[in-house]
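Visitor: Attaching a single structure in structure tokens format; questions to follow.
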Amino acid sequence: MNAQVFDFRRQRASATTTPRILPMDVDLPTRPRVNTWRHFAVRQMGADLCYVALRLSGWLAVSLLTTLGLYVLFFMALGNMSAEGFFAQLANLGDRFVAADPTRRSSFMSLVTTVSAILFLAVSIARLRSLLAIFSLSDPAGKDRP
């Protein structure tokens, strides 16, 4: 079978547009450049906003994971730093949560929310310099730069 029979886009495109061949001594046609500095500034601002958004979301993700890691550390400490004790404490908490009435569950969840907010705030204060580095204009110091 002929494969070109099924490629309708290529046949139509080649039939309507024929490539122009220019002599070597003729300048290439150019498009007029209108407001190139404005387009450059808009693209630069968009790139900067994307960079800040990505860095800020990374900072938030690391802070949140650190906060959750503090909960893991707390339950590890309750379980004498062993995996068996850790999972025993989690099972105890889960059993008590399931057996509690809805009023106590909601009061426990509000307590967990408050403690989580305080822990996140503490972690955020500890990581404040890295947050401010996101918004600074100077290049970050790397291993190869002083």
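Visitor: What net charge is computed for the residues neighbouring residue 95, neighbours being all others with C-beta under 14 Å from the C-beta of residue 95, Lys and Arg scored +1, Asp and Glu -1?
Guide: +3
Visitor: Here's a follow-up. Report the label-to-label distance for residue 95 and residue 27 in nanometres (one decimal), using points 7 Å from each Cα along the Cα→Cβ vector.
Guide: Taking the two extended label points, one gets 8.6 nm.
Visitor: Quick one: accessible surface of residue 25, probe radius 1.4 Å, all protein chains present, in square angstrom to the nearest 10.
Guide: Probe radius 1.4 Å; accessible area of residue 25 about 130 Å².
Visitor: Another one. With bins 10 Å wide starting at 0, give me the P(r) of the range 43-146 over every alpha carbon pair, in whole percents.
Guide: All Cα pairs, binned at 10 Å, distribute as 13, 28, 28, 17, 12, 4 percent.
Visitor: What list of ³J(HN,Hα) couplings, whole Hz, do you get for the range 80-94 from phi and the Karplus terms 6.51, -1.76, 1.60, once you set θ to phi - 60° and write x for glycine and proline?
Guide: For the range 80-94, the Karplus curve yields 6, 6, 10, 5, 5, x, 4, 6, 5, 5, 5, 5, 4, 4, x Hz.
Visitor: Report residue 121's accessible area, 1.4 Å probe, all protein chains in place, as a number in Å² to the nearest 10.
Guide: 110 Å²
The values are calculated or read from the model by the stated rules, or taken from the named source; none is laboratory data. Worth saying up front: this structure is predicted, and the values here are computed from it rather than measured. When we count neighbours, we look across all protein chains shown, and the Cβ atoms used for this are built from the backbone with ideal geometry, even at glycine. Side chains included, ligands, DNA and RNA excluded: accessible areas come from the protein's heavy atoms. Shrake-Rupley method; radii C 1.70, N 1.55, O 1.52, S 1.80 Å.
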